[in-house]
Amino acid sequence: VSERVPGELMAAEIAEQPDVWRRVLAESGAELDEVAARIRARAPRFVLFVARGTSDNAALYAKYLVEIGLGLPCGLVSPSTMTGYGAVPDLRDVLLIGVSQSGGSPDLVHTVRVAGQQGALTLAVTNDPGSPLAAAAQLHLDVRAGVERAVAATKSYTAQLLTLYLLVGRLCDNGSAAEAAAALPALGERLLAEDTRLAAEAMRYRFAQRLVCTARGYSYPTANEAALKLMETGYLSAQSFSGADLMHGPLAVVDAALPVIVVAAAGVGGDSMRAVLPTLRERGADVFCVGTEEAVAAGTGGLVLPGGVPEPLSPLLEILPLQLLARHLAVARGGDPDAPRGLRKVTETT
Ligand code: F6R
């Protein structure tokens, strides 16, 4: 049996993403049409998501899609209200979507089950059609990422983003949504080709103990997900803030000893980071920026995203260099991002 190289599973799964997206685009159409038709028939007035960890970041991304694209109010459920406090909220006219790679965490299953009993239409978005969450929900969408073996979720995250994007695109009757996504796999490959550069960039943060990630709008979930990947694989304390929230107090922690990762893609979210970037630099922070040419030039380093990508699709691309950065940083710090200390692939919370 050959020795496993630390981080090799995560590296392989990061690299697989463009092919996963091709598969989702090629194979998910009929399932998405059916689920969209069932949702339309119920005409929900409100959308709720329930998820944990990386899947919670995918749910937050979808919250932007629903609020902006669908024009419906949307929220994230706190599972303990139902699992711990025994709440049985009135969920008539609600579409409740559980997002989970494994579909195995008992709190998500309980929430989806109670929601169905309380009048909600329930949908599970998972990477395992045979999972308890898929069974508990009335509708299911398979994100088709293929088995994910590294503990740190990567390909399942962007497969969730793409599946949720395509679903909301159908619900908005936006026929061009899927067309726009067709360009993603080739653009993803271009970004993944920067692996060697990101390995070098990671060395700058080798001894960092804390770090802040920030972005706004559709990219805010990217900042959250980058922070989560850095924490679970590199064991550094990484906090994520919306660019607006950062200015309301947390900015005080930023100084020359605190690296900041900024995501500032083309669009409304990136534009609103324009005022934040110089403020971070004035405080002497090292600013690694993933975004437009202009935004990267305003930082101390970073990576320019391909142009011409509609803002709602940008999160699929933004996270790729940050996944690579997290993996390289973890390995440089002596860790194994495939099997971070104290974590298992399926986390069961109640
Ligand atoms: C992060 C990670 C965890 C999971 C979380 C939810 O890389 O693996 O944060 O995302 O435990 O797991 P699922 O999606 O299986 O419900």
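Each residue in the stretch 80-112 was checked for being open to solvent by less than 30 Å² (accessible area, probe 1.4 Å), touching a residue at least 40 places away in the same chain (Cβ under 8 Å) and of a type outside the set (S, T, N, Q), and 11 of them qualify.
Quick one: is E31 acidic (D, E) and more than 22 Å from N127 (Cβ to Cβ)? In short, no. In the stretch 319-344, the residues that are in contact (Cβ under 8 Å) with a residue 40 or more places away in the chain and farther than 19 Å from T158 by Cβ form Cβ pairs under 6 Å with partners that are part of a loop (DSSP other than H, G, I, E, B) and open to solvent by 30 Å² or more (accessible area, probe 1.4 Å), at six or more places apart or across chains, as follows: V331/P6; A332/R206; D336/P6.
Scanning the stretch 15-53 for residues being surrounded by fewer than 17 Cβ atoms within 10 Å (Cβ to Cβ) and in contact with a Cys (Cβ under 8 Å, 6 or more places away or on another chain) gives a total of 1. For the stretch 118-135, a tally of residues being open to solvent by less than 30 Å² (accessible area, probe 1.4 Å), within 16 Å of the ligand (Cβ to nearest atom) and not in a loop (DSSP other than H, G, I, E, B) returns 7.
Tell me which residues, restricted to the stretch 291-350, are of a type in the set (V, I, T) and open to solvent by 10 Å² or more (accessible area, probe 1.4 Å). Once the filter is applied, which keeps residues that are of a type in the set (V, I, T) and open to solvent by 10 Å² or more (accessible area, probe 1.4 Å), the stretch 291-350 yields T292, V296, T300, V304, V309, V331, V346, T347, T349, T350. Taking the conditions (1) surrounded by 21 or more Cβ atoms within 10 Å (Cβ to Cβ); (2) farther than 16 Å from L324 by Cβ; (3) among the basic types (K, R) in turn, K229 satisfies each one other than (2). The condition of being open to solvent by less than 10 Å² (accessible area, probe 1.4 Å), in a helix (DSSP H, G or I) and over 17 Å from T349 (Cα atoms) holds for A115.
Please indicate, with yes or no, whether at least one residue in the stretch 205-225 is at pLDDT 95 or above, within 16 Å of the ligand (Cβ to nearest atom) and among the acidic types (D, E). Yes, there is a match, as at least one residue in the stretch 205-225 is at pLDDT 95 or above, within 16 Å of the ligand (Cβ to nearest atom) and among the acidic types (D, E). Checking the stretch 254-264 against the condition returns a match, with at least one residue being open to solvent by less than 30 Å² (accessible area, probe 1.4 Å), of a type outside the set (A, V, I, L, M, F, W, C), under 24 Å from L324 (Cβ atoms) and in contact (Cβ under 8 Å) with a residue 12 or more places away in the chain. Entry remark, the stretch 102-117: residues being within 15 Å of the ligand (Cβ to nearest atom) and in contact with a strand residue (DSSP E or B) (Cβ under 6 Å, 6 or more places away or on another chain) number 4 in total. All conditions but one from (1) at pLDDT below 95; (2) within 14 Å of the ligand (Cβ to nearest atom) apply to T158; the one that does not is (1). Residues in the stretch 234-253 that are assigned to a loop (DSSP other than H, G, I, E, B) and either surrounded by fewer than 14 Cβ atoms within 10 Å (Cβ to Cβ) or acidic (D, E) (or both): H248, G249. Of the residues in the stretch 175-182, none is in a helix (DSSP H, G or I) and under 26 Å from V114 (Cα atoms). The set of residues in the stretch 265-274 being surrounded by 16 or more Cβ atoms within 10 Å (Cβ to Cβ) and touching a residue at least 24 places away in the same chain (Cβ under 8 Å) consists of A265, A266, G267, G269, G270, S272, M273.
When L277 is tested against (1) touching a residue at least 24 places away in the same chain (Cβ under 8 Å); (2) buried (at least 18 other Cβ atoms within 10 Å of the Cβ); (3) not β-branched (V, I, T), only condition (1) is not met. Is it the case, given these coordinates, that D56 is surrounded by fewer than 14 Cβ atoms within 10 Å (Cβ to Cβ) and charged (D, E, K, R)? Taking the combined requirement at face value, the residue does not satisfy it. If you go through the stretch 136-155 and keep only what is away from the ligand (no atom under 12 Å from the Cβ) and either part of a loop (DSSP other than H, G, I, E, B) or open to solvent by 20 Å² or more (accessible area, probe 1.4 Å) (or both), you end up with A136, A137, Q138, H140, D142, R144, G146, V147.
So that you can scan it fast, the table gives a plain yes or no per residue for (1) small (G, A, S); (2) within 22 Å of V331 (Cβ to Cβ):
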site	(1), (2)
G217	yes, no
N224	no, no
T233	no, yes
A244	yes, no
A252	yes, no
G270	yes, no
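The values are calculated or read from the model by the stated rules, or taken from the named source; none is laboratory data. These numbers were taken from a predicted model, which means no experiment stands behind them. When we count neighbours, we look across all protein chains shown, and the Cβ atoms used for this are built from the backbone with ideal geometry, even at glycine. Ligands, DNA and RNA are excluded from the accessible area calculation, which covers all protein heavy atoms including side chains. Shrake-Rupley method; radii C 1.70, N 1.55, O 1.52, S 1.80 Å.
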